């Protein structure tokens, strides 16, 4: 900030005196716009884009969950990325990690244009139905466009944190998938995320979805 001082002379006619006053006028300077830091607890489109990029980096984000919420798994993924590239393992995205991610993104685009590797069809999830089948029971049923295994996380808190949510899995390869959920609370909203994986390791993860149990 800059202070510009002006001296203003006031003629006090009533008293026949001259008063001298110094007035400080404050003018503002344009400050640089800071880039937000992505850290545990952050959520939104930026976190979704970050998770999408981390998912494509070998050995960084094996869970591959795209939730738009910066939780424990995303924090661990950032630490792995930082360790791989000799950065301090702080677990959040500051200026140095942003620069690294930008560099990796540019390199990935170049490789996409120059690579002739075979592109495999990724799995697609179609959630057919999720509902309460009773006061303390629920079920989720969905299909995939190819044979996959499945993982489902569920809980009562949104956004769902997969590190603390209940997880059920099915390691059999199938086009149709379902999970019956029991021991639920009555008249309660439950949130869930589905992940499917094909035989080549390609995976797809749904956004958070919900259903509500019946009352007694």
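Values in this text are rule-based calculations from the coordinates and carry no lab data. Quick caveat, the model's predicted, so the values are computed rather than measured. Note: ideal-geometry Cβ built from the backbone for every residue, glycine included; neighbour counts use all protein chains shown.
Based on Cα contacts under 8 Å between residues 6+ apart, the stretch 45-114 shows a relative contact order of 22 percent.
Can you compute the FRET efficiency between residue 173 and residue 139 using 1/(1 + (r/R0)^6), with r the Cβ-Cβ distance and R0 = 25 Å? Round to the nearest 0.05. Before the final figure, lay out each step's value.
Values: r = 21 Å, r/R0 = 0.83.
With a Förster radius of 25 Å, E is 0.75.
In this simple spin-label model, placing a label point 7 Å from the Cα along the Cα-to-Cβ direction at both residue 88 and residue 40 gives a separation of 1.7 nm. Take every Cα pair under 8 Å whose residues are at least 6 apart in sequence, average their separation, divide by the length of the stretch 115-190, and the relative contact order is 34 percent. For the stretch 67-83, the residues whose amide N sits under 17 Å from a probe point set 7 Å from the Cα of residue 207 along the beta carbon direction are 67-70.
Shape call for the stretch 111-216 from the C-alpha gyration tensor, a ≥ b ≥ c root eigenvalues: rounded (a/c under 1.5), prolate (a/b greater than b/c) or oblate? In terms of gyration-tensor shape, prolate.
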